[in-house]
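Let me begin by presenting the structure, written as structure tokens, before commenting on it.
The values are calculated or read from the model by the stated rules, or taken from the named source; none is laboratory data. Note that this is a predicted model, so its numbers are computed, not measured. Neighbour counts run over all protein chains shown; Cβ positions are idealised from the backbone, glycine included.
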Amino acid sequence: MKSLQSKFVFYHQADHMDCAATCLRMVARYYGADYDVSHLRDLVNTTRQGASLAGIQDGAGAIRLKTLVSKGTVENLVKEHLLPAVLYWNPDHYVVLYKISETKKGEYIFFIADPALSKYKVSEKKFREKWVSDNADGEGLIVFFEPGEDFMETYDEYALNYVKPSRHFYWEYVKAHKASFSLILLITIISSLFNLVFPVLTQKIVDTGIPNKDLSLISLFLLFQIGAFIGSSVFDMVKGRLLYVVTTRININILTEFLLKLTRLSVRYFDNKVASDITQRIADHSRIEKFLTTNLIGTIFSVFNFAFFSFLILKYDYKIFLIFLSITVFSILWMFMFVKRRKSIEYKRFEAYKDSSNSSYEVIYGMKELKLNNAQIAKIEDWGVDQKKIYAINKESMLLEQRQNIGNVLINQTRSALVTFYCAFLVIHGKISIGEMLSISFMLGQLSSPFTQFFEFIKGWNEAYFSFDRINEVKERQDEDDEFLPHGHTLKTVSAFERILISNLNFKYDKSSPVNVLDGINIEIKKGQKVAFVGNSGSGKTTLVKLLLKFYLPSKGIISVDSNDLAELEANSWRQKCGVVMQDGYIFSATILQNICLDSKKVDLERVKQVCHLANIKDYIESLPKKYNTKIGGSGVGLSGGQIQRILIARALYKNPEVLFFDEATSSLDTENERIIMENINEFSTGKTLVVVAHRLSTVKNADMIYVFNNGKIVEAGNHVELLVNKGFYYKLVSNQLELSN
């Protein structure tokens, strides 16, 4: 086995719920294995609620780390001393305890690696507060680790197939505009050359024009200065406009590619993320755009300025340049002292703004519920807590920047004073003229700008680096087809099918959960058959529909379309054959026409009218002033629950699919509308496969086969009459609705 790390390596968590995966990464790195957090995130089964201790055990086991989850006291922890270990930290967080030391007074100091913050030390009293918390028995939860015999073999196999995420993908977009950037670079060089005119002319005016009282020469020099200024301004204006055009194109291309990547990810990814998490990543692109354009171009401009003016100063007196350079190097070192702290602040700021966005969304979108429950003040107070966190983080950032700036100002003023003193000394001793001194002062002022720009470059790099990591977390994820495809198999498309077969299927959302959401499911759905799933809420009906749509893979068992495993079928190819109405179907802020036909480039208005008739909403739409061009959704006309469902039904029928999935598709409709629509759909779906999930059993009584679910299992199967005759679970469901028992 490789030797242990002499220095404990710390990693920041990329997301709010990544603390468990990041802690496991630090422990694995301590034992010599450098896993990527995205790999460990899947192994510990990170969800929107985070990961459990069982998930950490599962993840550690997968990389061959033996674990022991224990409850213990601080005294036992000090005695055992098997570190590093993962602690359950109050509230709802995981940290790594990597060292314990004892002071001369006999007090213990605990060294913590907190993935949300940084490495820090805590006293025994503070440690008890965070680890033991309010437990009456004085015990806290801890996970101990020990590498198994094949720990490094497992890592070596992983490392062999692992492709390290690249931060160079943005350069591909830059290279696509290399002609424009080459022109910008040329303009930058010319602008720098224009700046060289000013110190030379200043010296000539002071040393030649003024002593000789030669106004014509002075006027000529002034005209040269004005010309140089105008030329520099014109080139800067051209550079600014060109840079704006190029950066806008790059940003649009980058964001387009990012959004396309999001569409290729599995549904599980979105299950584990809140909306603000993704929108914050979109905002990260602007940071990177700013870094690659404004910061980078500004730095290149500063490099040329530095080179040109340094050359001129060296011609006057190399000692002046050495004084300037030595103190400037000290200024750079001062700047780097704050990099690590600033990086930690950026991580905290990202999480705080994400939480604040969530709070704002909830206040806006939950306004009706807040009003109904008189909870406006309470929710605003919750939002205020998030603002206080942001205030505290921004205050910390401001204080850090103030300390950094005060140091920089002090160093820079000292540098200016020393250089001025030395220049004055040279003038007194006749080594340089007054004009040369003024020229040197001008050039030193110009040299200060590149270093200021360099500091901004370092700051921008830190922000961009953090943004790169967050965006890479999305970019490097597998597309859903690649994620689901069994190793060594080839992806297939769906042409035609005769049946869907579900064999011995088990499923659970949380891999570490001991309970299956679906357990031992066996179903055959033949082409053209009408199949219904019924049962109590939470019995697994909707989950099975999601599995049939390849949103998830079974934990055990198989779903096959004819002889092909659904995992091997291209998701888009399969879903193209499916028309779906889910319980939580979404209405876009667009026209009715655009909501029914989501691909607005291929609109068949007659077909739209036909499916609206089938969904029994045509008369309503045509009574509106703008008819099918009426805007609905968040920024349009408000619709009732029943009207929304009918729009969703029309959308599903418009695809003219081979398989229809209706998950509580008519739950918001009155019985008359439901009857009309179901009769229309039964007629429309002749020769098509129809899968219906419903609580209202009048919807499913005409199905060829009804599967009755209870607690994730199929407890009965048959048609409506057969199940009533059996007087089993289905009979009870019908009795409760229709009072058949009376």
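Some observations on this one:
- Restricting Leu669, Leu690, Leu697 to those that are assigned by the TED database to the domain that holds Gly538 and in contact with a Gly (Cβ under 8 Å, 6 or more places away or on another chain) reduces the list to Leu669.
- Among the residues of the range 406-435, just one is charged (D, E, K, R) and within 54 Å of the chain's Cα centre (by Cα), namely Arg415.
- Test for Lys348: is it assigned by the TED database to the domain that holds Lys459, surrounded by 14 or more Cβ atoms within 10 Å (Cβ to Cβ) and part of a helix (DSSP H, G or I): yes
- Within the range 300-327, considering residues that are crowded, with 19+ Cβ neighbours inside 10 Å and polar (S, T, N, Q), the one farthest from Leu438 (Cα to Cα): Ser302
- Residue match in the range 701-712 (condition: among the hydroxyl-bearing types (Ser, Thr, Tyr), more than 17 Å from Val581 (Cβ to Cβ) and over 42 Å from the mean Cα position of the chain (by Cα)): no
- Residue pairs whose Cβ atoms lie under 8 Å apart, separated by 6 or more positions or on different chains, with the first residue in the range 393-404 and closer than 12 Å to Arg349 by Cα and the second surrounded by 10 or more Cβ atoms within 10 Å (Cβ to Cβ) and of a type in the set (Ser, Thr, Tyr), do not occur.
- Residue check for Asp156: at pLDDT 80 or above, of a type outside the set (S, T, N, Q) and within 29 Å of the chain's Cα centre (by Cα): yes
- Hey, Lys602 out of contact with any helix residue (DSSP H, G or I) (no Cβ under 8 Å at 6 or more places or on another chain) and not in a helix (DSSP H, G or I) or not: yes
- Residues in the range 196-213 that are closer than 23 Å to Ser441 by Cβ and not in a helix (DSSP H, G or I): 3 in all.
- Taken over the range 492-511, the criterion of being touching a helix residue (DSSP H, G or I) at 6+ places or on another chain (Cβ under 6 Å) and either surrounded by fewer than 15 Cβ atoms within 10 Å (Cβ to Cβ) or not hydrophobic (A, V, I, L, M, F, W, C) (or both) is satisfied by Lys492, Thr493.
- Applying the condition of being small (Gly, Ala, Ser) and over 18 Å from Pro147 (Cα atoms) to the range 35-88 and asking which residue is surrounded by the most Cβ atoms within 10 Å (Cβ to Cβ) yields Ala51.
- Selection status of Gly59, under 21 Å from Leu141 (Cα atoms) and modelled with pLDDT of 85 or more: yes
- Taking first residues from the range 119-138 that are assigned to a loop (DSSP other than H, G, I, E, B) and partners that are among the hydrophobic types (A, V, I, L, M, F, W, C) and at pLDDT below 85, the Cβ contacts under 8 Å between residues at least 6 apart in sequence or on separate chains come to Val132/Val74; Gly138/Val74; Gly138/Val132.
- Qualifying position, being modelled with pLDDT of 90 or more and either β-branched (Val, Ile, Thr) or assigned by the TED database to the domain that holds Asn272 (or both), among Val9, Val27: Val27
- Some residue of the range 679-693 being exposed (fewer than 15 other Cβ atoms within 10 Å of the Cβ), among the small types (Gly, Ala, Ser) and either farther than 20 Å from Lys526 by Cα or more than 35 Å from the chain's Cα centre (by Cα) (or both): yes
- Check on Tyr94, within 33 Å of the chain's Cα centre (by Cα), closer than 16 Å to Leu24 by Cα and either outside any strand (DSSP E or B) or not basic (Lys, Arg) (or both): yes
- Qualifying residue in the range 608-629 (condition: in a loop (DSSP other than H, G, I, E, B), surrounded by fewer than 18 Cβ atoms within 10 Å (Cβ to Cβ) and in contact (Cβ under 8 Å) with a residue 40 or more places away in the chain): no
- The listed residues are Leu243, Leu259, Leu314, Leu255, and the only one of them that is free of Cβ contacts under 8 Å to residues at least 60 places away in the same chain, in contact with a His (Cβ under 8 Å, 6 or more places away or on another chain) and assigned to a helix (DSSP H, G or I) turns out to be Leu255.
- Exactly one residue among Phe291, Phe235, Phe229 is within 17 Å of Ala464 (Cα to Cα) and part of a helix (DSSP H, G or I), and that residue is Phe291.
- If you go through the range 413-431 and pick out every residue that is in contact (Cβ under 8 Å) with a residue 24 or more places away in the chain and part of a loop (DSSP other than H, G, I, E, B), you end up with 1.
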